[in-house]
1. How big is the range B:73-123 along each principal axis, measuring the range of its Cα positions in Å and listing the largest first?
2. Could you check what % of the DSSP bridge pairs in chain A are antiparallel, to the nearest 5?
3. With contacts defined as alpha carbon pairs under 8 Å and 6 or more residues apart, what's the relative contact order of chain A in percent?
4. List, shortest first and in nm to one decimal, how far the label point of residue B:74 (7 Å from Cα along Cα→Cβ) is from its counterparts in the other copies.
5. Quick one: what do you get for the protein assembly as shown if you divide its Cα Rg by 2.2 N^0.38 Å?
6. Could you tell me the distance between the Cα centroids of the range A:118-155 and the range A:165-221, to the nearest Å?
7. When the convex hull of the Cα atoms of the range B:8-161 is projected onto a plane and the area is averaged over all directions, what value comes out in nm²?
8. Among A:120, B:107, which comes first, second and so on when ranked by fewest other beta-carbon atoms within 10 Å?
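Each reported figure results from applying straightforward, stated rules to the coordinates on display, with no laboratory input. In this text the structure is predicted, and so the values were computed from the model without any measurement. In this analysis, Cβ positions are derived from the backbone assuming ideal geometry, glycine residues included, and neighbour counts consider all displayed protein chains.
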């Protein structure tokens, strides 16, 4: 006899996530076996992930490799390659996030056996919601928020901002033209996530990027 | 005997969409029976949907009602109410888009029987990917793209930009501070979607908003 509906519910989200976590654990092993430190960059479309990675590509040079997740087009991978480091593209063909299996498939093709790569940056699909539920095997999860998006986003999108290791507030050069309370954003992020490390940068002007790259560098070694 | 894997594939996306379309058709009937013209606004987080709706609320007054879709918080609904029109909030609790059933549930609670409401604006969850697959019963689908997001977004997110009736390019006041090729965006959008109507506006300064509101007005009558 069934007392309530709950008894008859099948939770399909759990097996999906366990499957993703299994692939993520394989990615983690693959990467740590090769001494490669891995970042997962998540943000809205247009918050500046690719521009951040271009600056990082110039800082880290051929020691960095990039996986680009995009719904469609190879534009971002081409930008990264022009900045001087290797980039592989995953076109999700409509899917709204990267999952660990897709990243694992990319890793098999990336020819990182020669030991030059010590940093892998994964640029997730531009989306503030769906990617946050999928662990890819990364060592550091970075959430980008850009000034024009507004200072109310942290509590509106808590699934991301409660799980990031680093909050990167980008496009600081636009602060004079917009109403954006940086202190509010940092405070709301710390209320969800007390251990978060925060950087304020402008990837476009370079402001704050050396400090951020130095922080990533110190985590690699 | 099975010749190939395709024979054993079960496409679970089709019934889900048909179910959504059934609810969308019900919404459409509910709204047209009451002479209510309906907009579905879709964009990235922070592209300015709520600011656009605040300006529209001042233009249309109590003749407009708003459904606010948010992952979490009632912040946007409160902003709309302060601008002078009624707003109902759907908190999706993690879901990355509105579906027609959620909108239908909201419609039942909105008390629009007195005939004052002639325009309903639905602000979708901030997401450039997932909402585009879900028809809510709207008469007009509006895609917002803001200048700081960059001029490369149309071909990267074709599922939205190929299905909008109106492309609203927002935050035009930031053009002097950024590299954004408006002509490129319009051209790429028209290549996917020849019949799209384009407006360039700044909801913050008001630039272009009267023209846009007038266009919506002319569609209502």
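1. 33, 24, 15
2. Approximately 0 percent, going by the DSSP bridge assignments.
3. Relative contact order for chain A comes out at 23 percent.
4. So the label point of residue B:74 gives 5.1 nm to the other copies.
5. Scaled against compact globular proteins, the figure is 1.01.
6. Using only Cα atoms to place each centre, the spacing works out to 13 Å.
7. With the hull built on Cα positions only, its mean projection is 9.9 nm².
8. Lowest to highest Cβ neighbour count: B:107, A:120.
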